[in-house]
Every structure is written in structure tokens, then in C-alpha cells.
Amino acid sequence: MSSSDRIRNSALARRVTTAEEAAALIPAGATVGMSGFTGAGYPKAVPGALARRIGAERAAGRPMRVSVYTGASTAPELDGVLAEADGVDLRLPYQSDPVTRQKINSGEMDYVDLHLSHVAQAVWQGCLGPLDVAVVEVSGVTEEGHLIPSSSVGNNKTWIDRAEKVILEVNSWQSAGLEGMHDVYYGTALPPHRKPVPVCAPGDRIGVPYLTCPPEKVAAVVETHAADRNSPFKAPDETSHRIAGHVLDFLAHEVKRGRLPANLLPLQSGVGNVANAVLAGLADWPAAGLTAYTEVIQDGMLQLLDAGKLEVVSATAFSLSSGTVEEFNARAADHRDRIVLRPQEISNHPEVVRRLGCLAMNGMIEADIYGNVNSTHVMGSRIQNGIGGSGDFARNGRLSFFLSPSCAKGGAISAIVPMVSHVDHTEHDVDVLVTEQGLADLRGLSPKQRARQIIDRCAHPRFRPALEEYFQQALATAYGQHTPHRLDQALSWHTRYVNTGSMQPS
């Protein structure tokens, strides 16, 4: 099926143009809301054309930059080309592109790291200023002019509603079977008119399967046929399997104690091989009827759906390997009744996450001995990707897990430290820490009790003596004994890495 076959509305079909002509509609200094979430559903052609235009303008002595808002991370065809062209003034709310990251950390690009559930509300409140242009990928347009979302929904509803003009990319690579899989809720409002979001189970559909846009706002339509990023995942290694084993043993224990039902509660997991290892382990879970209410659907969730272990999945986007996405596209229609793709303001909505009691499993860079978690920064100042949706689920879920290997950089750096160099998730939002060494259940423990559990169960044996020494000195000399710290030593733990290239005990 060609892109022309996907545009079934005659008025919008007459607005088909080239990517270059569409990019010319974006003025210098504009704020542009672009589709895309974890490398799915981002525009494939207009960002590249815009980057080429920015380069030409700079060569002519007319420097041009724009601000770019998305759902989450995108791909080299969007973040990469615009960063390489030095065309981005401000980026939010999440990124994973190496060129973008370098620009942010060198001070050449401003970056606002936001909870993903907060973005739409901030735009509607006017906190982020006006939105000039929306560039949104869709998989088709109906006869009535309704927009069929593609492999992510993200913030697309908000971009279309708030932008002065809209540029559509209609991508015929996206499966036609996606039509009917989406649930776009138009019932959100700002205080004091806000009402409860009526999601009481992961599979509830509360909206419509399309995005709506007044036809007069559509300034251009660009036809594409290009794949999503679909980066291959590393197969889970022994460390990932050990982390997953600790999580699964803990869940079984919670079921046995009567604190979780046999079919658990809705699952949420971050992206990566550790998350996929946990999902793979659930293939042998003794009960059926598992559900997921999460941000992204990974390979492991599709495998659980196919196996009949997972009943329904709610998310805002896919994040699949290339092989899995080919299989999915070929039979997407078969999954329509068991997959719901929502706007991220609903997939990550704190009220819904709390109501459903999600089991939140997310990664981290480091945790300290009292349970505070850094998931975004290296050495306190160098951003990696961003907080993403982990805070939405960690703060509001029934159980909040943070998972990581106990060491990084070939064992030179400990993931368990005396004091995190940057705090994304406070000790109050962290229930369980897990490394390949073991699991620390922090619920109901005082700070000193948490320290004992984390050092003994999660730290790598190479680093336990140094952590124990720090803890004992803090107990002996700290200003207060509720959360004992030696601030000079806590800071030197990190600066030692800068000076020697290693955080191994000296």
C-alpha cells in the first residue's frame, strides 16, 4: 500500500508536498512539537529537510535554530540531524541521541528534563510558551479526515491541538493493521475543571481510535515509506538473568504472603535487556492473566502476548527489535484487541498508575546506601538521557523497583555509592533495589536499616568494605544520626573517579 492509498481524504490529499517545501513553513526561532517516542512514530523526512535548510541559512550568514519538543527519545533522522546542524536551541522532555547529548553537556543546547506525564499539562498551561508548528507522523488519514496514529501516540494530541499549524507525515511503512489499536482520550482538562480519568483496568478504552485536527490547520502533508529506528537489543546476559531472578523470586514471595494476587498487578518496565530478562522469566510464571500498563511495548511483552501469558498491554509506543517489528507489522491487526496505545499523559498518568497499582521496574545509574536513586547524570552534572517516565511510575506505583548491575565500566565503578551525585528518585519513592548481587526490600526500614540491607545485599563484594567503612565513620562522626553522612568523604567517592579513572577503593 502506498502513502497515496493511506490518504483517503481528498482535501488533505491535495496538500501533499515535498519535505523541503514543508520544512520551509517552519520559521526561525519556532517551537516545534514533533511526534516520536523511543524511536517509534517520529517524522522521517521533514526533520532532515529542516536540518539542510538550517545549514544553508547558516552558510548564507543567517543562523537559524528551533526548539524541539517530542514525546520522548526519537532517532538520528530527527534528533541526530538537527543536532549535527546545530539547529536546536532547546530540547525537551527526553533524549537518547549521542550528538544531542554532547551538545547538551557542552552547553551548546539547552535541555529541560521533565516527567513525561507532565509535558502535555505544561503546554496547555502555557508554561512552555506557544507552540508554533506540529510535525506528526501518522499511518493514514480516513475519508472523514481523522488521523490514524502510527507506532507511537506520545504527545501528538497536544501538539496538534496547540500548534498554530500542522505538518503531517503519512508513512506507508507503518502497518495498516494499527488502525483501531489506539485510544485517544479527549476528556482531560486543567484545574479546577479536571475530572477522574476513567481507566479502571489496563484494557479499558475511554477515547477514540483517531487523532482529530481541523483541516484548515494542516499546512502540508508529506508522504514517506521509512522504518522506525528499531535498534537491536542486546540479548540478556548472565548479569541480567540474575537480576531478573531476584525480581521474580521476590514477586513469588509477595504472592505467597498474600500481598499480590497470583496474576500480579499491571507491569511497567523500562527499556533494555534487564527488563526483557524479567519479561522472559515471566513466561514460566505459574498463573495466567498477566497485564501491563506501561510506556513502551518491548519484544518480551509481545512474546508473552503470543504465549497467552499476558492478557492485555496498555502503552504509548512500541520499542521493538528489527526482527520482531517485521513480524508484528505483518499481523498487527491480530493484536488490536489486546494492545491499547494511548497518549502519554494517560499512559503515565499518576492517578491511573496509583489506581491500578502498577509494579514499576526501572533502571538506574547509581543508588546510595539510603535508597536515593540517580537515573540521569554521571558525576552529578553530565546528563545521559533523562528521567523519562520512571518518576511517574516510581512515585505512584504499588511497588517501585530500581534495577542495575552492581558495577559499571568493567568493574571500575560501583553502582552503590555513599551519596548519589544527583537525585532523581528520593528514598521515599524507592521500595526495592536489585543488582545481580541480590535484592534489598526497603519498605518499612529506617535509613540506617536501609544502609545495612543495601550494602550487604546489593553492593559488589569489591566495594563492600569501602562502603562499610564509610557507613561506620558516618555513624561515629555525623552531625545527626538519622541519616548519617560524612559529606567530605561522600563527595570524594565521586571525585576519585575523575582523578584516577576508577572508583575502586584506594
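The values are calculated or read from the model by the stated rules, or taken from the named source; none is laboratory data. Being a predicted model, the structure only gives us computed values, none of them experimental. Heads up, the Cβs are rebuilt from the backbone with ideal geometry, glycines too, and the neighbour counts pull from every protein chain shown. Calculation scope for accessible area: heavy atoms of the full protein, side chains included, ligands and nucleic acids excluded. Shrake-Rupley method; radii C 1.70, N 1.55, O 1.52, S 1.80 Å.
Along the positive direction of the dipole of the stretch 111-200 (beta-carbon charges: Lys, Arg +1; Asp, Glu -1; about the Cα centre), which of Cys127, Ser152, Ala176 reaches farthest? Sorting the options by dipole projection puts first Cys127.
Report, in debye and to the nearest 20, how large the dipole of the chain comes out about its Cα centre when Lys and Arg carry +1 and Asp and Glu carry -1 on their Cβ.
Details: 46 positive and 54 negative charges, 172 e Å.
I would put it at about 820 debye.
Per residue, the stretch 384-465 exposes 34 Å² of solvent-accessible protein surface, assessed with a 1.4 angstrom probe and all protein chains in place. Restriction of the GluC sites (Glu not before Pro) in the stretch 149-224 to DSSP coil positions whose beta-carbon has at most 15 other beta-carbons within 10 angstrom yields Glu164.
Here's the list of aspartates and glutamates a cross-link from Lys165 could span, going by alpha-carbon distance under 13 Å and ignoring same-chain residues fewer than 8 apart: Asp132, Glu216. Remark: the stretch 354-453 carries a charge dipole of roughly 160 debye about the Cα centre, counting +1 on each Lys and Arg Cβ and -1 on each Asp and Glu Cβ. In the chain, the longest principal axis of the Cα atoms and the axis of helix 46-59 are about 90 degrees apart. Separation of the stretch 369-427 from the stretch 79-132 is 21 Å, based on Cα centroids. Under 5 Å from the amide H of Glu366 lie the amide H atoms of Asn374, each residue being 5 or more positions distant or on a separate chain, with H modelled from the backbone and absent for Pro and chain starts.
Annotation for Arg354 and Lys195: the two label points, set 7 Å from Cα along the Cα-Cβ direction, are 2.0 nm apart. Label zone (Asn263, point 7 Å along Cα-to-C-beta; backbone nitrogen cut-off 15 Å) within the stretch 282-299: 285-293. The phi-based Karplus calculation (6.51 cos²θ - 1.76 cosθ + 1.60; θ = phi - 60°) puts the 3J(HN,Hα) values of the stretch 125-136 at 6, x, 5, 9, x, x, 9, 7, 9, 10, 10, 10 Hz, whole numbers, x for Gly and Pro.
List, in the order given, every pair from Lys44/Lys217; Lys103/Lys217; Lys44/Lys309; Lys157/Lys234 whose Cα-Cα distance in the structure shown is over 25 Å. Write out the running numbers ahead of the final one.
Values: Lys44/Lys217 21 Å; Lys103/Lys217 33 Å; Lys44/Lys309 35 Å; Lys157/Lys234 33 Å.
Over 25 Å Cα-Cα: Lys103/Lys217; Lys44/Lys309; Lys157/Lys234.
I want to verify the translational diffusion coefficient of the chain in µm²/s; compute it with Stokes-Einstein, Rh as the Kirkwood radius over Cα pairs, at 4 °C and 1.567 mPa s.
On the way: Rh = 23.6 Å.
For the chosen part, D equals 55 µm²/s.
For the chain, the residue among Pro47, Val218, Leu491 whose Cα projects farthest onto the positive side of the dipole built from Cβ charges is Leu491. Counting only aspartates and glutamates at least 8 places from Lys256 when in the same chain, those with an alpha carbon closer than 20 Å to its own are Asp284, Asp431, Asp441. Given q = 0.21 Å⁻¹, what are the Debye log10 I(q)/I(0) values for the stretch 115-210, with equal point scatterers placed on the Cα positions and solvent ignored? For the stretch 115-210, the Cα-only Debye profile gives -1.22. Ordering 378-384, 21-27 by mean Cβ neighbour count within 10 Å, with the highest value first, yields 21-27, 378-384.
Within 10 Å, count the other beta carbons around each residue, average over each peptide in 447-453, 196-202, and list them highest first.
Working: 447-453: 18.3, 196-202: 15.6.
Answer by packing, highest mean first, reads 447-453, 196-202.
Rounded to the nearest 20, the Cβ-based charge dipole of the stretch 325-402 about its Cα centre (Lys and Arg +1, Asp and Glu -1) stands at 240 debye.
Quick one: work out the % antiparallel among DSSP beta bridges in the chain, nearest 5.
Details: 18 of 68 bridges.
Antiparallel bridges make up about 25 percent of those DSSP assigns within the chain.
Across the chain, the relative contact order, built from alpha-carbon pairs under 8 Å that are at least six residues apart, equals 14 percent.
Each of Gly397, Val378, Pro418 was scored by the projection of its Cα onto the charge dipole of the stretch 371-432, and the greatest displacement toward the positive side belongs to Val378; charges sit on the C-beta of Lys, Arg, Asp and Glu.
Based on DSSP H runs of at least 4 residues, each adding -39500 (n - 2.57), what is the mean residue ellipticity at 222 nm of the chain after dividing by all its residues, to the nearest 500 deg cm²/dmol?
-8500 deg cm²/dmol
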